[in-house]
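> Handing you a structure now.
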4 protein chains.
Amino acid sequence: MKLIHDPIHGHIELDDFAVRLVDTPEFQRLRRITQLGLVFLAYPSARHTRFEHSLGTFHLARMVSSHNPGIEDGVSYAALLHDLGHYPFSHTLEALYQRHEENTRWALRHGEIGDVVRERYSLEEFLGLLKHPLVSGDIDADRMDYLVRDAYYTGVAYGIADLDRLVRYLHYDGERLVVGEKGIMAAQNLLLARSMMHQTVYQHHVSRIAGAMLTEAVRLEGIPLEEIRTMDEVDLMARLRSSGNPDVRELIKALDDRRLYKRVLHSGIDPGEERIGELKRELEMEFGHLALVDYPSKPRFEEKNAFVLSAGELKRLSDVSPLVRSLVELKDTYWRWGVYAREDVRARVEKFVEEFLHSSGEPFAKLVG
Amino acid sequence: MKLIHDPIHGHIELDDFAVRLVDTPEFQRLRRITQLGLVFLAYPSARHTRFEHSLGTFHLARMVSSHNPGIEDGVSYAALLHDLGHYPFSHTLEALYQRHEENTRWALRHGEIGDVVRERYSLEEFLGLLKHPLVSGDIDADRMDYLVRDAYYTGVAYGIADLDRLVRYLHYDGERLVVGEKGIMAAQNLLLARSMMHQTVYQHHVSRIAGAMLTEAVRLEGIPLEEIRTMDEVDLMARLRSSGNPDVRELIKALDDRRLYKRVLHSGIDPGEERIGELKRELEMEFGHLALVDYPSKPRFEEKNAFVLSAGELKRLSDVSPLVRSLVELKDTYWRWGVYAREDVRARVEKFVEEFLHSSGEPFAKLVG
Amino acid sequence: MKLIHDPIHGHIELDDFAVRLVDTPEFQRLRRITQLGLVFLAYPSARHTRFEHSLGTFHLARMVSSHNPGIEDGVSYAALLHDLGHYPFSHTLEALYQRHEENTRWALRHGEIGDVVRERYSLEEFLGLLKHPLVSGDIDADRMDYLVRDAYYTGVAYGIADLDRLVRYLHYDGERLVVGEKGIMAAQNLLLARSMMHQTVYQHHVSRIAGAMLTEAVRLEGIPLEEIRTMDEVDLMARLRSSGNPDVRELIKALDDRRLYKRVLHSGIDPGEERIGELKRELEMEFGHLALVDYPSKPRFEEKNAFVLSAGELKRLSDVSPLVRSLVELKDTYWRWGVYAREDVRARVEKFVEEFLHSSGEPFAKLVG
Amino acid sequence: MKLIHDPIHGHIELDDFAVRLVDTPEFQRLRRITQLGLVFLAYPSARHTRFEHSLGTFHLARMVSSHNPGIEDGVSYAALLHDLGHYPFSHTLEALYQRHEENTRWALRHGEIGDVVRERYSLEEFLGLLKHPLVSGDIDADRMDYLVRDAYYTGVAYGIADLDRLVRYLHYDGERLVVGEKGIMAAQNLLLARSMMHQTVYQHHVSRIAGAMLTEAVRLEGIPLEEIRTMDEVDLMARLRSSGNPDVRELIKALDDRRLYKRVLHSGIDPGEERIGELKRELEMEFGHLALVDYPSKPRFEEKNAFVLSAGELKRLSDVSPLVRSLVELKDTYWRWGVYAREDVRARVEKFVEEFLHSSGEPFAKLVG
């Protein structure tokens, strides 16, 4: 057994098998994948990594399992390894490549860590454990850890969750995780916290702009999936800094020096995928890498599978909580798309976008301040 | 100037006039009025008093005023004195007497503290300041302090608010307090926090039961308003312990020893004020002080006067936040009425209430566990 | 099993026997005995009670026992009940009466709580458990809880201890509690924390002055031990407020209104017990209750029985830590005696004390500011 | 003015000149220099950087200056830039190169940031400000920030300081910073905290071993000062990973995968610089990069220039505090030198070192566990 000091959970206990999983190159790589990608350009102290988060997720899974004998041991190991496939800067590059979950499966199939896993589990069995509600559900160990951890490292209070109560009142009925009566408020709070962290931290416009710049650099560099999925942040940054393409080098130097593109547009009115595609093409022809369109998919905050026991009956959390029910509306309230441009061409890009939108009768509101 | 150490705000600075207000018997009495009344029977560590809370409210009002020159100095002193009129155990006894705000006005008119106030303000002027939006509004110094303080002392995380952001982004436009764009999430969070603390802490059933017992004891003792509004908790408890009425002594001894009445009924279905009145009368005839009906008014969580600046426009917080909008529904979700009885007569009271409700076709669900 | 929410330890689990001990009048009385007596006049937020502290001590004892099978169950119950005998306002009145430990034994012998204890333990056996090193030693559950709790409620950071590490590395060898290598720094920190809290909080001069006033009031009232040891703070305050002796009523009114005596002298130079006795007599003849001498015994900070394992060898903590070794010197650095007087006679008392000390050639330094 | 969110200080306000300093490549580079170097291999969550720490130091310097008009504005900017010259992984590589303070001066002389500085200050003037007691003294803004920040990010409680009190009671007398009476305990606590963090965190043996490995890799790679002093951690790691020297690549791969050398010896008995020199040479001849000697200089904990006002007199902190006085002894208590070896040669290295020490009659104690 090994003890790891952690500011969120105090001490995390790793059993021998967990230590062996942690002591692989694939897992150690997570020390060099920041949890929140480029959010540190908005919240400088957000430098924590997928490594600590993975340990914390394991810890919480263990705590829930300890009073739920129906949850098999392997679930905690799946919790430990659930983020193995993240790209450098976490979610930032998922617009260019497949989702990180695919890479997690790939790493388990092909990496040194897969050999350790296979000492105890068949690969199929273990991939199944990654879908356990304690690893990927509305109220799971992953979310419990990341909200509290991100709140701690950014100093943004909204992520604070009552982990003690959640852990204590999560019951596994063989199929679902069900929150007991005394944990309902804590479960509601977890979902609300997520929506507030989304808006305040995860989708902070500074991080969106920087993300668009990094994504453009990687696209221009043309790094194949086979390479990037094993890179860490040192590899990626070094590769881009020494690129043969001067546009790539310029973008990375600007990120390093935090000379970010400016917002030309930041709007909640959706012109639709097709029009956005046109705008992208036209902007690229006119401005190349100097103007970028950021068109994220709409966030989903609604409860999908959070079950609670209320007065002895199994219900959905959204059935008993008006607040959770109203989360579905945030999809539109919080969603924004943007156009960003290098400072010196900002005015020209603005004019260009304004005309583009006018041509189809869409509104364009100038950004003030 | 005087410095007071406080775990919530670090140090609180009191200027000379504030020190003179604090150094009066009326203000010092607040040291012996617990902030959360009988909640300590559910959360033993909730022993903080109106004294610390009043200092904290003053501190926050000062912080907001410091960058809002339009808010006059007197508002902070009004914040300091806003809770002067609380009864022993705070809100618990307001069912029997007038609201505590009346007593605050009375104390300012008749107490030693009024003499200090009048050195600077006419009484009418000062009573007006008590209605300033920074002292009594949806996003006011009072609420900011009590939520964070109650969360700290109970250890229930939901009350945590981002005071730093709120203080920084509250602007006074000469009439209203308006929350700037960057403070909107913090303001939303404050209202959500309040609704969660209400349910988890303020209306905890243990505190409701104890409150019903104390209220009955005070009612039986027949203490006139003129006496109780200057009593502190020592006075009240000593008076009830030495009552000539054995029922009063029994109720107080039970509270002291935490031998609380049991819940016979705890329901969200409202039979209406009239039926409740009948039930009360019948129960009293049959069981006297051994069975108590607790019929609180419905809580109001909706935003009433929280203004925000969103994209340069003055709006209501509920216009920009679906979560705040849905708070209005909690009135019904969280409201409960109850019947409590001494353990030895519980079964008989249950039968009695069941029959009473049946007679008018109302449902009666047995409490389990 | 019962769960109690606590801001220090999260949730405290009470087993059925612990619940039965807690549900006695003697234990519930601790809800009305403040942990830090009159310290709240210096740190207004320090309103926590012996009740929470006793639960916390039980909790920590349980945690240490859980990985030390050599510690029998009864030790945790002894930890729970170790403070049963405190007087109102805790240590304040111990100058007038026997130490509170005597009362704890008395309550176990004569109280309702003793009946519960005797269901499992003989009285002698249980009294023996109160001396277990986990209940009364240099590194014990009592001290671990009170330092952290007092730091939390006063907001004074020095009391913060690394409870997690201490609990984890405390080993019981059948006779002694021994701190493992990885816990040495945490153990050293605990002793340092105590010395810093002593000076900053426990012996704050405001609390010493108020304590001297309360002690004088109780002395004048002449309450016998048989009465006071079962009183709570409501009983004592009510008794003193309604005293037949106007001096007592005056002292208590002054405490209630926080109109405290002023310091005439506050000195680290010890004139010796005999001279102090003379001074007391002469001051009393001249000024009665208006001038009070406060002559506390010297505090002891040195390590007495903190054992550690260092490089595999059993040692004293002071053998491996120069900082702990130097704690012995604080006895003189931190000790002060004082003379306090009602404001209107302060100048006259000062002159009197100055002459008294001069007559024996002792120095008298005027207090400035 | 710009606001930066920080979990330690809430919000940090940067004035326009500070923003211009921060917006230079030299300052932005600090985002890629971790505060605690390789300590994250022992405390995974310690991923904070010199960037946040520099902002925090600026903030505290501003707070102290705000009530000390004698401290000129430039001191805060010096506090902001004091760490500009750190190498990748902070102090780790200072054994191979000049102290980082030299590089700070070099960067100010030659970097883009120097141009900004010179708009307001002559270079000589600004270099002088770097020696102000608020920037480099026993109780300075640097130390206040790093202790609290390192405690926060590692989760090790010992670094907690009472910043609020320190800031409030630091007075500048035109030459010295003097701690007022009410801040003495906070100042003592700061020095004690430093000694405890040193032992528990800064000199953790895991970080010492990793540091020795990195130092060896850089030495073998032979990077000149002119290059390394402008590198960030991405540059250095990328350079070492792609080294032409296979020993360098092996060392870095081992660090990346956390396959650290094992301790062969870890001792507080000092054989003297000369013998250590011999041992190094002999080990290198025999084992090359597979065995490393770590011989740090003795740490200095004693107070050197912490002045306090005690009873109106200017004194040294060590004159009034026995605990601070005893810090001088920790130099020997906490110092250790070590020999580390790759696991497969560990036994052979142990035998070699044992014989080497025996030959001069020096003791060699085998490491257990």
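> Taking Rh as the Kirkwood radius, which is the inverse of the mean 1/r over Cα pairs, what is the Rg/Rh value for the protein assembly as shown?
Reported Rg/Rh (Cα atoms, Kirkwood Rh): 0.96.
> Moving on to the next point. Please state the Cα pair-distance histogram of the range B:294-369 with 5 angstrom bins from zero: what percent is in each bin?
3, 12, 15, 14, 12, 9, 8, 7, 7, 6, 4, 2, 0
> Over the range D:134-194, what lengths in whole Å, largest first, do the semi-axes of the equivalent ellipsoid take, defined as the square roots of 5 times the eigenvalues of the alpha-carbon gyration tensor?
Semi-axis lengths for the range D:134-194 are 21, 12, 8 Å.
> For the range B:122-173 and the range B:48-115, compute the distance between their C-alpha centroids and round to whole Å.
The distance from the Cα centre of the range B:122-173 to that of the range B:48-115 comes to 11 Å.
> Still on this structure: Could I get the Rg over Rh figure for the range A:2-155? Both from C-alpha atoms, Rh via Kirkwood, rounded to two places.
The Rg/Rh ratio comes out at 0.94.
> May I ask you to derive the relative contact order of chain D, considering only C-alpha pairs under 8 Å and at least 6 residues apart, and to give it as an integer percent?
Numbers: 559 pairs, mean separation 57.6, N = 369.
Rounded, it is 16 percent for chain D.
> Can I ask one more? Per the helix-only calculation at 222 nm, which mean residue ellipticity applies to chain B, given -39500 (n - 2.57) for every DSSP H run of n ≥ 4 and division by its residues, nearest 500 deg cm²/dmol?
Details: 19 runs with 180 residues, N = 369.
Using -39500 (n - 2.57) per qualifying helix, the result is -14000 deg cm²/dmol.
> Highest mean first, what order results for B:182-192, A:228-238 on Cβ atoms within 10 Å?
B:182-192, A:228-238
> To the nearest 10 degrees, how steep is helix B:100-110 against the longest Cα principal axis of chain B, on a 0 to 90 scale?
60
> Provide an ascending nm list, one decimal, of label-point separations from A:Ser297 to the equivalent residue in each further copy; define each label point as 7 Å from Cα along Cα→Cβ.
Result, one decimal in nm: 4.9, 5.7, 7.3.
> In whole Hz, with x marking every Gly and Pro, tabulate ³J(HN,Hα) for the range C:213-227 from phi via Karplus 6.51 cos²θ - 1.76 cosθ + 1.60, θ = phi - 60°.
The phi angles translate into 5, 5, 4, 5, 4, 5, 4, 5, 6, x, 7, x, 3, 4, 7 Hz.
> Taking θ = phi - 60°, what integer Hz values does the Karplus form 6.51 cos²θ - 1.76 cosθ + 1.60 yield along the range A:190-200, in sequence order, with x for Gly and Pro?
4, 5, 5, 4, 4, 5, 6, 5, 3, 6, 7
> For the range D:160-223, state what percent of all Cα-Cα pairs lands in each successive 10 Å bin, counting from 0 Å until the bin that includes the largest distance.
Using 10 Å bins, I get a P(r) of 20, 27, 21, 18, 14, 0 for the range D:160-223.
> State the antiparallel share, in %, of DSSP beta bridges confined to the protein assembly as shown, rounding to the nearest 5.
90
> Stretch A:Glu227-A:Ser297 to full length: gain in nm at 0.36 nm per residue minus the Cα-Cα span?
Length gained between A:Glu227 and A:Ser297: 22.6 nm.
> Over the range A:38-117, with a single point scatterer placed on each C-alpha, what log10 of the ratio I(q)/I(0) does the Debye formula yield at q = 0.13, 0.18 1/Å?
Listed by q, the Debye log ratios stand at -0.51, -0.87.
> Mind ordering C:118-129, D:130-141 by average Cβ neighbours within 10 Å, highest first? Don't skip to the answer; put the middle values down first.
On the way: C:118-129: 13.8, D:130-141: 21.8.
Averaged packing, sorted descending, gives the order D:130-141, C:118-129.
> I'd like the orientation of helix C:50-66 relative to chain C: the angle between its Cα long axis and the longest Cα principal axis, in ° from 0 to 90, rounded to 10.
30
> Between chain B and chain D, with a rotation axis joining them, whose C-beta in B is nearest that axis, and what is the whole-Å distance?
Of all Cβ atoms in B, the one closest to the rotation axis yields B:Gly10, 5.
> Further, regarding this structure: For B:Glu250, which inter-copy label distances result when the label point lies 7 Å beyond Cα on the Cα-to-Cβ vector, reported in nm to one decimal and in ascending order?
B:Glu250 label point versus its equivalents elsewhere: 4.5, 8.8, 8.9 nm.
> Still on this structure: Using only alpha carbon pairs under 8 Å that are at least six residues apart, calculate the relative contact order of the range A:2-155 and give it in whole percent. Before the final figure, lay out each step's value.
On the way: 208 pairs, mean separation 39.9, N = 154.
In percent, rounded to a whole number, it is 26.
> While we're on this one: Just the ratio, please: alpha-carbon radius of gyration of chain D over 2.2 N^0.38 Å, N its number of residues. Walk me through the numbers before you get to the answer.
On the way: Rg = 21.9 Å, N = 369, 2.2 N^0.38 = 20.8 Å.
Compared with the compact-globule rule of thumb, chain D sits at 1.05.
> For D:Lys298, go through the aspartates and glutamates and keep the ones whose alpha-carbon is under 20 Å away, minus same-chain ones fewer than eight residues off.
D:Glu94, D:Glu101, D:Asp138, D:Asp270, D:Glu273, D:Glu274, D:Glu278, D:Glu329, D:Asp332, D:Glu362
> Related question: How far apart are the B:Asp16 label points across copies, placing each 7 Å from Cα toward Cβ, in nm, shortest first?
Spelled out, the distances from B:Asp16's label point are 3.9, 6.7, 7.5 nm.
> Just to confirm the number: angle between the C-alpha axis of helix C:246-256 and the first principal axis of chain C, 0 to 90 degrees, nearest 10?
Compared with the principal axis, the helix lies near 60 degrees.
> Across the residues of B:152-160, average count of Cβ atoms on other protein chains within 10 Å?
6
> Using the number of other C-beta atoms within 10 angstrom as an exposure proxy, rank A:Glu329, B:Glu350 with the fewest first.
If I rank by nearby Cβ atoms, fewest first, I get A:Glu329, B:Glu350.
> Over the whole of D:183-194, what's the average partner chain Cβ count within 10 Å per residue? Rounded to a whole number, please.
Average per residue, whole number: 3.
> Please get the size of the charge dipole for the range C:311-369, origin at its Cα centre, with Cβ charges of +1 on Lys and Arg and -1 on Asp and Glu, quoted in debye to the nearest 20. Walk me through the intermediate numbers first.
Details: 10 positive and 10 negative charges, 28 e Å.
With only Lys, Arg, Asp and Glu charged at Cβ, the dipole is about 140 debye.
> Label the range C:219-369 by shape, choosing from rounded, prolate and oblate, from the square roots a ≥ b ≥ c of the eigenvalues of the Cα gyration tensor; if a/c is under 1.5 it is rounded, and otherwise prolate applies when a/b is larger than b/c, oblate when it is not.
Because a/c hits 1.5 or more and a/b fails to exceed b/c, the range C:219-369 counts as oblate.
> In addition: Which lysines, on any chain, are close to A:Lys280 with Cα under 16 Å apart, when same-chain ones fewer than 8 places away are left out?
Qualifying lysines at Cα under 16 Å: A:Lys351.
> How would you order C:199-205, D:28-34 from highest to lowest mean count of nearby Cβ atoms within 10 Å?
Descending packing order for the listed peptides: D:28-34, C:199-205.
> Run the numbers for C:Asp173 and C:His91: contour at 0.36 nm per residue of separation, minus the present Cα-Cα distance, in nm.
26.3 nm
> Given R₀ = 22 Å, FRET efficiency for B:Phe287-A:Ala311 by Cβ-Cβ distance, to 0.05?
Using R0 = 22 Å, I get an efficiency of 0.25.
> Of the listed pairs D:Lys2/D:Lys182; A:Lys304/A:Lys331; A:Lys262/D:Lys2; C:Lys304/D:Lys182; B:Lys2/D:Lys182; D:Lys182/D:Lys331, which have alpha-carbon separations greater than 22 Å here?
Among D:Lys2/D:Lys182; A:Lys304/A:Lys331; A:Lys262/D:Lys2; C:Lys304/D:Lys182; B:Lys2/D:Lys182; D:Lys182/D:Lys331, the Cα-Cα distance tops 22 Å for D:Lys2/D:Lys182; C:Lys304/D:Lys182; D:Lys182/D:Lys331.
> Here is a follow-up. Set the Förster radius R0 to 35 Å, insert the Cβ-Cβ distance between C:Arg259 and B:Val206 as r into 1/(1 + (r/R0)^6), and round the FRET efficiency to 0.05.
E between C:Arg259 and B:Val206, to the nearest 0.05, is 0.40.
Read-outs throughout are calculated quantities, based only on the coordinates presented, and are distinct from any laboratory measurement. Every value quoted in this text rests on a predicted model; they were computed, and no experiment measured them. FYI the Cβ positions are ideal-geometry reconstructions off the backbone, even for glycines, and counts take in every protein chain you see.
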